[in-house]
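The values are calculated or read from the model by the stated rules, or taken from the named source; none is laboratory data. These numbers come from a predicted model, not from an experiment. Quick reminder, even Gly has a Cβ in these numbers, built from the backbone with ideal geometry, and neighbours come from all protein chains shown. Side chains included, ligands, DNA and RNA excluded: accessible areas come from the protein's heavy atoms. Shrake-Rupley method; radii C 1.70, N 1.55, O 1.52, S 1.80 Å.
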Amino acid sequence: MDRRETAALLAYIGRLDPRTIRTDQGEARDQLAQWHELLGDVPIATEYGWDAYAAARRHIRISPYPIVPADVARPWESHRRERMLRHTDPTPTADPDDQAAWTAELARARQAVAAGTAQPVRYRAISQGRGRVDPELQARLREVGSCIPPAARAALAPYRPARAAREEAVAEGLPDALSVRCQWCRAQAGEPCRRRRIGPDGSARGTAPRATPHPGRLDLAADQHPEQRAAS
């Protein structure tokens, strides 16, 4: 804020809290010089939520102590810090090979956000909540297909036998057994079945995962997805 804005802020504070008013001309001049020196880099207001008048009014309303410049500067620093924490540097439009121009554009963007003249830039989410995917993302996935090339998928099959068996079953039109919970080994949906053994004490123990699901799990998946069973 410039000197006139600082004087206007002091006049506003004086109307709310007469204790801050200086009747002596020399004291009033010194008070203005002090406040302007300490609040020179604090804006009087910004387009995005900051208002020095509101900060002063809030302090006078809740604090029994006379206001000092720190009571305006501290909320501004907190406001600026919170904005910068929400900011993600966008990719500059400058030539990446021009390091000076690239850095200068990044610096200008950060300074604008810190000064309150621009909104923080945030990464756009590719999905919006569970079960609701961005239509643009769905279109791109349909165009691209699987993110794993067929050759890589075939090379990984020996190391992922359970997943390979699941993909093979789905490709053949069989029910996806891993879409349901296994009632035998208690494997959750999406997890492979495990060899379930009964210990000497009668308790069930799970060991290594199975490459194929338990038959009961296949029957349960077929019962829950009769259309797949009919197609097969």
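Cβ-Cβ contacts under 6 Å between residues 6 or more apart (or on different chains), taken from a first residue in the stretch 84-97 that is in contact (Cβ under 8 Å) with a residue 24 or more places away in the chain to a second residue that is open to solvent by 80 Å² or more (accessible area, probe 1.4 Å) and charged (D, E, K, R), are listed as Thr88/Arg122.
For the stretch 1-11, the set of residues classified as surrounded by fewer than 15 Cβ atoms within 10 Å (Cβ to Cβ) and either more than 27 Å from Ala118 (Cβ to Cβ) or within 39 Å of the chain's Cα centre (by Cα) (or both) consists of Asp2, Ala11, listed by residue number. Taking the stretch 45-55 as the range and being open to solvent by less than 30 Å² (accessible area, probe 1.4 Å) and not in a loop (DSSP other than H, G, I, E, B) as the test, the residues that pass are Ala52, Ala54, Ala55. Selection of the stretch 118-159 for residues being in a loop (DSSP other than H, G, I, E, B), open to solvent by 70 Å² or more (accessible area, probe 1.4 Å) and at pLDDT 75 or above yields Gln119, Arg122.
Taking the stretch 12-39 as the range and being open to solvent by 40 Å² or more (accessible area, probe 1.4 Å), farther than 26 Å from Arg81 by Cβ and not polar (S, T, N, Q) as the test, the residues that pass are Arg15, Leu16, Pro18, Arg19, Ile21, Arg22, Asp24, Glu27, Arg29, Asp30, Ala33. Among the numbered conditions (1) open to solvent by 90 Å² or more (accessible area, probe 1.4 Å); (2) part of a loop (DSSP other than H, G, I, E, B), the only one that Val42 does not meet is (1). Among residues belonging to the stretch 186-217 that are at pLDDT 80 or above and aliphatic (A, V, I, L, M), point out the one that is farthest from Arg166 (Cα to Cα). Only one residue fits best here, namely Ala187. Please work out which residue is nearest to Ala55 (Cα to Cα), limiting yourself to the stretch 65-99 and to residues that are open to solvent by 40 Å² or more (accessible area, probe 1.4 Å), among the hydrophobic types (A, V, I, L, M, F, W, C) and not in a loop (DSSP other than H, G, I, E, B). Checking each candidate, the answer is Ala70. Selection within the stretch 28-48: residues that are under 29 Å from the mean Cα position of the chain (by Cα) and in contact (Cβ under 8 Å) with a residue 40 or more places away in the chain. The member of this set that is nearest to Pro120 (Cα to Cα) is Tyr48. The single condition among (1) under 21 Å from Arg4 (Cα atoms); (2) open to solvent by 60 Å² or more (accessible area, probe 1.4 Å) that Arg58 does not meet is (1). For the stretch 100-117, indicate whether the set of residues that are of a type in the set (Phe, Trp, Tyr) and either more than 25 Å from the chain's Cα centre (by Cα) or part of a helix (DSSP H, G or I) (or both) is non-empty. Yes: the stretch 100-117 contains one or more residues that are of a type in the set (Phe, Trp, Tyr) and either more than 25 Å from the chain's Cα centre (by Cα) or part of a helix (DSSP H, G or I) (or both).
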